[in-house]
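The values are calculated or read from the model by the stated rules, or taken from the named source; none is laboratory data. On a predicted model such as this, the values are computed, not experimentally measured, just so you know. As a convention, Cβ positions derive from the backbone with ideal geometry for all residues, glycine included, and neighbour counts pool all protein chains shown.
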There are 2 protein chains.
Amino acid sequence: MGKHVGRQTVVFDRPPVIASGASVVGPKEGQGPLASYFDEIWKDEMDGEKSWEKAESKLMKRAITLAIEKAGLKEENIQYILAGDLLNQLTASHFAIRDFSIPFLGMYGACSTMGLSMEVGAMLLDGGFADYVAVSASSHFCTSEKQFRMPLNYGSQRPLYATWTVTGSGSLVLAANGDGPRITAATAGKIVDYGIKDAFNMGGAMAPAAADVMKAHFQDLNRGPDYYDLIITGDLGYYGTQLTRELLEKEGFLLDERYTDCGIQIYDKEAQDTHGGGSGCGCSAVTMAGYLLSEIQKGAFHRVLLIPTGALLSPLSTQQGESIPCVAHAVVIEKE
Amino acid sequence: MGKHVGRQTVVFDRPPVIASGASVVGPKEGQGPLASYFDEIWKDEMDGEKSWEKAESKLMKRAITLAIEKAGLKEENIQYILAGDLLNQLTASHFAIRDFSIPFLGMYGACSTMGLSMEVGAMLLDGGFADYVAVSASSHFCTSEKQFRMPLNYGSQRPLYATWTVTGSGSLVLAANGDGPRITAATAGKIVDYGIKDAFNMGGAMAPAAADVMKAHFQDLNRGPDYYDLIITGDLGYYGTQLTRELLEKEGFLLDERYTDCGIQIYDKEAQDTHGGGSGCGCSAVTMAGYLLSEIQKGAFHRVLLIPTGALLSPLSTQQGESIPCVAHAVVIEKE
């Protein structure tokens, strides 16, 4: 098959266009370095909803609505929504998307969900199955801490290497035709598990999956990191990026200063006391739909490799003594 | 776009082939009417594993392994696995697929997951992105009861309209080329919520979503139920199928004796005391990979409309007083 290159990569014949992006975030993200790129910033974590989960749904609903509007489209123009989140049974997504009259394809890749959705969405467009698709992912600090770690009210201490879950949702409208940044290729990750069992150390657990898919990407396309002017993982944070650099350097791929992580960009580590960096499905989603899309449109970056990263654990698998399987999906965004 | 017909349906230019199917089930399914169609039947619900969750993972791992073997292929021939299950964070799938060196695309559509995976998988093949993909879904009576309803040890009573979660995993290998039954079209469902809040009444909650996607399917393709010699929903059971018949009859589509449900076929209601019928991701997955594939290959059915149905609730959304959003995906399988 012409479009499949190597073991894990597809190259698009008619690269889909990112027609628009929208991001809605919580107050902490609105105080961070990327604040000016977000469409809406909430004053608190609830925005008038009765539960954190309903608030997370509202973030996603609003981000999808805005992305469709910003693309100059209406709900009926969108053939599919591809979306997911971290909550059990994708609660945030289902109750957000219930209010749209658009066919829904549910995706789960933990914090790699935005990459997964962009990758599959681009395949549906290039394959001729749609003119427009919307992709989205969300996370919420309070729903995540409650579900994966400790109820916030316990006030439990977090190790300094723990990451901070982003409250926010980012959505894109992808189009089969038009002008703008294009998704030119994507590399799908395998599940990688190096045996790490510490559920606070997400960056460390996910780094091998990120390095694995990046290595596959470079090899499949016979290109090195220097093809890109920005390489950005999803939510490895400070410790995970360092490990990713080391793993890839051993394989002969030098990630220099062009490499960073959405979880590093989204918070001011010192001023915001966010320890290991940002994380969550929303981390790469709002960074993509806000900062990256805007800077690519402006011409600040021409070739970007975005690699959202996901830790596929569940609280139950951790309780049963299991290690953390991880995955990452790499998406190439180009605008000459 | 040529392939997109109407609002929700795609018709494949090069309809993907179902190259093989495999199903592994628990003891209760192995005592039911479809027993002879399953590849492996476990003697108990654990098969030597230490937890129900690990047992469910093993079901899926085995079903995928068998499907690849039966297609005469090796792991390295498969470009993607598309799979999901009901457990929080797709625990069963992730720990099953961790052991394969195959790129993984995580799908969540609750009990519609097999339909979702077949639909997206077929698009990837027809779009030229792969030669072979594996699709899979699983469920397990004990993991589901524990997570969604009551721990089994409580011995709590179930209402007579409650369905029985199937213990089993079904997997298919889909191919871009070759001979055999073909997936010729698929209709993606929107999320439909009629306000039902009783989490035991899954059939009733899901019936409107099934009827909605079937109506869209018939309208988009300008064909009626009589095009098919079998129309089979995923896990509506006895009460949900009755409601689906009534809803579609109001829309002018008469589902006569050609319509049934995987949840009706898989158990002997009287002898097995399964109340409302079978349910769970595994219900449509093992019925498809076992009974349906075998009968289509033999020529007993030439045109089948399979509509796996999913209730997108979570225990938390129910606790927060929410109703049950549902979805269904319709897949057409033909062999002349």
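Are any residues in the stretch A:117-128 facing chain B (nearest Cβ under 7 Å) and either of a type in the set (Asp, Glu) or in contact with a Phe, Trp or Tyr (Cβ under 8 Å, 6 or more places away or on another chain) (or both), and if so, which ones?
A:123, A:124, A:126, A:127
If you take the residues of the stretch B:129-149 that are at the interface with chain A (Cβ under 10 Å from one of its Cβ atoms) and not aromatic (Phe, Trp, Tyr), which of them is surrounded by the most Cβ atoms within 10 Å (Cβ to Cβ)?
Within the stretch B:129-149, the match that is surrounded by the most Cβ atoms within 10 Å (Cβ to Cβ) is B:143.
Taking only the stretch B:223-278 into account, find how many residues are surrounded by 14 or more Cβ atoms within 10 Å (Cβ to Cβ), within 19 Å of residue B:201 (Cα to Cα) and over 21 Å from the mean Cα position of the chain (by Cα).
So the answer is 1.
Kindly indicate which of A:285, A:289, A:211 is out of contact with any Gly (no Cβ under 9 Å at 6 or more places or on another chain) and either crowded, with 24+ Cβ neighbours inside 10 Å or polar (S, T, N, Q) (or both).
After applying the criteria, what remains is A:211.
Does residue A:148 fit the bill of being touching a Phe, Trp or Tyr at 6+ places or on another chain (Cβ under 9 Å), aromatic (Phe, Trp, Tyr) and more than 27 Å from residue B:101 (Cα to Cα)?
no
Among the strands (runs of 3 or more DSSP E) contained in the stretch B:253-317, which hold 3 or more residues that are aliphatic (A, V, I, L, M)?
B:303-307
Among the residues of the stretch A:175-182, is any among the basic types (Lys, Arg), modelled with pLDDT of 95 or more and either on the phi < 0 side of the Ramachandran plot or touching a strand residue (DSSP E or B) at 6+ places or on another chain (Cβ under 7 Å) (or both)?
Yes, the stretch A:175-182 contains at least one residue that is among the basic types (Lys, Arg), modelled with pLDDT of 95 or more and either on the phi < 0 side of the Ramachandran plot or touching a strand residue (DSSP E or B) at 6+ places or on another chain (Cβ under 7 Å) (or both).
For residues that are out of contact with any strand residue (DSSP E or B) (no Cβ under 9 Å at 6 or more places or on another chain) and either of a type in the set (S, T, N, Q) or at pLDDT 95 or above (or both), tally how many sit in the stretch B:292-320.
7
From the set of residues in the stretch A:6-29 that are farther than 17 Å from residue A:170 by Cα, surrounded by fewer than 17 Cβ atoms within 10 Å (Cβ to Cβ) and more than 10 Å from chain B (Cβ to nearest Cβ), which is modelled with the lowest pLDDT?
Here the answer is A:6.
Okay, residues lined up against (1) small (Gly, Ala, Ser); (2) closer than 21 Å to residue B:107 by Cβ; (3) within 14 Å of chain A (Cβ to nearest Cβ); (4) free of Cβ contacts under 8 Å to residues at least 24 places away in the same chain:
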residue	(1), (2), (3), (4)
B:187	no, yes, yes, no
B:224	yes, no, no, no
B:234	yes, yes, no, no
B:243	no, no, no, no
B:250	no, no, no, yes
B:254	no, no, no, no
B:258	no, no, no, no
B:266	no, no, no, no
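Can you give me the number of residues within the stretch A:57-107 that are within 11 Å of another protein chain (Cβ to nearest Cβ), over 17 Å from residue B:88 (Cβ atoms), surrounded by 24 or more Cβ atoms within 10 Å (Cβ to Cβ) and of a type in the set (Gly, Ala, Ser)?
3
Would it be correct to say that residue A:193 is within 14 Å of chain B (Cβ to nearest Cβ), out of contact with any Asp or Glu (no Cβ under 6 Å at 6 or more places or on another chain) and in contact (Cβ under 8 Å) with a residue 60 or more places away in the chain?
So residue A:193 passes the test.
Answer with yes or no whether residue A:74 is within 20 Å of residue A:289 (Cβ to Cβ) and without any contact (Cβ under 8 Å) to a residue 12 or more places away in the chain.
yes
Does residue A:197 meet the test of being outside the structural domain of residue A:91 (by TED's automatic domain parsing), modelled with pLDDT of 95 or more and assigned to a loop (DSSP other than H, G, I, E, B)?
Spelling it out, it is not the case that residue A:197 is outside the structural domain of residue A:91 (by TED's automatic domain parsing), modelled with pLDDT of 95 or more and assigned to a loop (DSSP other than H, G, I, E, B).
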